[in-house]
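The values are calculated or read from the model by the stated rules, or taken from the named source; none is laboratory data. Here the structure is a predicted model, which means the values were calculated and not measured. Neighbour counts run over all protein chains shown; Cβ positions are idealised from the backbone, glycine included. Quick note on the areas: whole protein, heavy atoms, side chains included, nothing else; ligands and nucleic acids left out. Shrake-Rupley method; radii C 1.70, N 1.55, O 1.52, S 1.80 Å.
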Amino acid sequence: MSASTSTGAGGSGTGVPWGDVVMSAVASVSWALIGMAGTAALGLRLLGADAAGALGPMTAAVVALGAGGSVSPAGDVTAFGLDGARTHTAIEITPLGVGLVGALFLSFFFLRSLRAAGAVVAPAELLARAGAVAGLYVAMLGGV
């Protein structure tokens with residue numbers, strides 16, 4: 001009977017597995033944004049907002065709002081109930097459901113990658129994984 005156990009810490013000569021760190025960050029952030037976009041699109045569809053405009057840009061706006069950003073409306077903003085001089089404002093609401101789904105997906109996949117890393121994770125690897133996830137999340141939201 002043979003069994004293989006991995007402690008993840010290795011010896012003193014092992015470094016941070018950068019390939020695993022990057023791939024787990026990409027997977028965590030991608031699934032979080034997919035979950036946020038799906039929740040936002042479903043919410044907009046259920047509210048009937050897709051009849052007022054294109055669902056894609058509104059979904060991106062709700063994802064940005066869910067992450068704590070703000071949206072400056074331009075063009076025809078009568079769907080938001082704004083007209084005249086009030087159209088030069090910013091919309092700063094926080095759809096909590098979208099942010100919650102993103103946080104749950106991000107934490108689930110981040111913790112799952114830590115479980116796959118082994119029983120003991122070196123502090124340098126943990127810092128690298130957390131930094132990669134945080135940096136990629138900010139970069140992806142900047143793109144949204």
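Can you check what the net charge comes to around residue 24, using other residues whose Cβ is under 15 Å from the Cβ of residue 24 (Lys, Arg +1; Asp, Glu -1)?
Here the charged neighbours net out to +1.
If you add up the charges near residue 118, with Lys and Arg at +1 and Asp and Glu at -1, over every other residue whose beta carbon is less than 12 angstrom from its beta carbon, what do you get?
Numbers: positive: 115; negative: 20, 125.
Combined, the nearby Lys, Arg, Asp and Glu give -1.
Taking all protein chains together and a probe of 1.4 Å, list 58, 36, 140 from the most accessible to the least accessible. All intermediate terms of the calculation are to be shown ahead of the outcome.
Numbers: 58 35, 36 0, 140 85 Å².
Highest to lowest solvent-accessible surface, that is 140, 58, 36.
Stretch residue 18-residue 55 to full length: gain in nm at 0.36 nm per residue minus the Cα-Cα span? Display every interim value, and only then the final one.
On the way: separation 37, 0.36 × 37 = 13.32 nm, distance 3.73 nm.
This chain segment gains 9.6 nm when fully extended.
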